[in-house]
Amino acid sequence: MNSNTHFVANNSGAVVSTNIAAVEELTINWHVTEACNYRCQYCYAKWTSRPNPRELFHDPVRTRSLLTELFRFFHSGNRSNPLHQQLSWNTLRLNLAGGEPSILGDRLLEIVHAAREVGFRVSIISNGSRLTPLAIEQLAPHLTSLGISLDSAAPATNRKIGRIDGKGRLLDIKELVENLQLARQINPQLAVKLNTVVNQRNVREDLCQLADQIRPDRWKILRMLPVVDHSLAVSDDEFSAFVERHRDFESVQCVEDNHDMCESYLMVDPFGRFFQNQPSLNLAYVYSEPVLSAGAERAFCELAFNTDSFQSRYTNGVVGGKQ
Ligand code: SF4
């Protein structure tokens, strides 16, 4: 942590900074489900294709209430949000993540519609496996960005990582490229992003050809966070070599080492609680009370949020505001 690092202590606003950074967009990541059809070894998601029936997305009324409360609290005009003491922003984006959000089927589209009606800009991060041409046609007009998590183009590597569904199906890269082209045709403003988790299985691969095909507007290269599985962790040198191998894409690259990921994302879990990974707890997750019972303000104030990491993600060109 550098000496300029600011924490909103328990997000309560107890620490007041004179340096208020300005970012264009604030992003709230709602992990709509813990379920996923893939089985990545390094992932914390529950390895089941069936979402927990208690996850909030099942209930359209409670889903809308959650979105409305989050928008009310994080809207740029709500000066009572303690985050405003250190950060200013104009627009608010809801990023729908998982688990795998596309396994929600039609509910995902309904949530996108509801979020748009509430006032959010909306993005999705997906493993791409269920993004059929029909799903793309329905979703793309409403999104500002579509992120695909992609670790390798090699079937053997994807199999080893666990990027394979219960029926043994792998992502078809050719279909993915075509579907992303379709998404861009439908919505020329759409930013297409890639997320690659660098781990022991893919650390020696060259993904330039894959990136050439997809032409991502942003390529986030993340060092695997050893929360769930330590055996796939990569060393500093291995991670640097991977980044260096893909220098041709430097202009769109956003590199996140482990420390960049801690306490720097605004994250809501499938049950409507804020959550974060904390270095002081060996990167374990901590959770707030549910937003719907406590209110966004009280729940938010229970967790720490590192505004410096968040600012650098946005203002140093790390992701260019496209998380
Ligand atoms: S695709 Fe994403 S959510 Fe699914 S298991 Fe892999 S990392 Fe986890």
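The values are calculated or read from the model by the stated rules, or taken from the named source; none is laboratory data. Computed from a predicted structure; not experimentally measured. Glycine gets a Cβ as well: all are built from the backbone with ideal geometry, and neighbour counts include every protein chain shown. We work out accessible area using only protein heavy atoms, side chains counted, and drop any ligands, DNA or RNA first. Shrake-Rupley method; radii C 1.70, N 1.55, O 1.52, S 1.80 Å.
Listing for the model above:
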| read-out | value |
| --- | --- |
| Residue match in the range 196-216 (condition: of a type in the set (S, T, Y), farther than 18 Å from L104 by Cβ and within 20 Å of the chain's Cα centre (by Cα)) | yes |
| Selection within the range 171-183 - away from the ligand (no atom under 12 Å from the Cβ) and closer than 21 Å to A97 by Cβ | L176, N179, L180, A183 |
| Count - residues of the range 22-39 that are open to solvent by 20 Å² or more (accessible area, probe 1.4 Å) and either in contact with a strand residue (DSSP E or B) (Cβ under 8 Å, 6 or more places away or on another chain) or at pLDDT below 55 (or both) | 4 |
| Test: residue in the range 74-82 that is under 29 Å from R169 (Cβ atoms) and modelled with pLDDT under 95 | no |
| Subset of the range 87-102 (residues that are over 19 Å from A299 (Cβ atoms) and open to solvent by less than 30 Å² (accessible area, probe 1.4 Å)) | W89, R93, L96, G98, G99, E100, P101, S102 |
| Residue that is without any contact (Cβ under 8 Å) to a residue 12 or more places away in the chain, closer than 25 Å to C43 by Cβ and among the hydrophobic types (A, V, I, L, M, F, W, C), where the choices are A115, A156, A97 | A156 |
| Lone unmet requirement of (1) in contact with a strand residue (DSSP E or B) (Cβ under 7 Å, 6 or more places away or on another chain); (2) within 16 Å of the ligand (Cβ to nearest atom) for L143 | (2) |
| Check on R184, on the phi > 0 side of the Ramachandran plot and not hydrophobic (A, V, I, L, M, F, W, C) | no |
| Hey, G166 of a type in the set (G, A, S) and under 19 Å from the mean Cα position of the chain (by Cα) or not | no |
| The range 105-125, subset open to solvent by less than 20 Å² (accessible area, probe 1.4 Å) and under 26 Å from N37 (Cα atoms), residue nearest to the ligand (Cβ to nearest atom) | I124 |
| Scope the range 143-161; condition β-branched (V, I, T), closer than 24 Å to S231 by Cα and out of contact with any Cys (no Cβ under 9 Å at 6 or more places or on another chain); matching residues | T157 |
| Whichever residue in the range 30-61 is under 20 Å from D151 (Cα atoms) and of a type in the set (A, V, I, L, M, F, W, C) and, among such residues, is farthest from the ligand (Cβ to nearest atom) | A35 |
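Okay, residues lined up against (1) under 29 Å from L171 (Cα atoms); (2) touching a Ser or Thr at 6+ places or on another chain (Cβ under 9 Å):
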| site | (1), (2) |
| --- | --- |
| E55 | yes, yes |
| S65 | no, no |
| T68 | no, no |
| H84 | no, yes |
| S88 | no, yes |
| R93 | yes, yes |
| G99 | yes, yes |
| L108 | yes, yes |
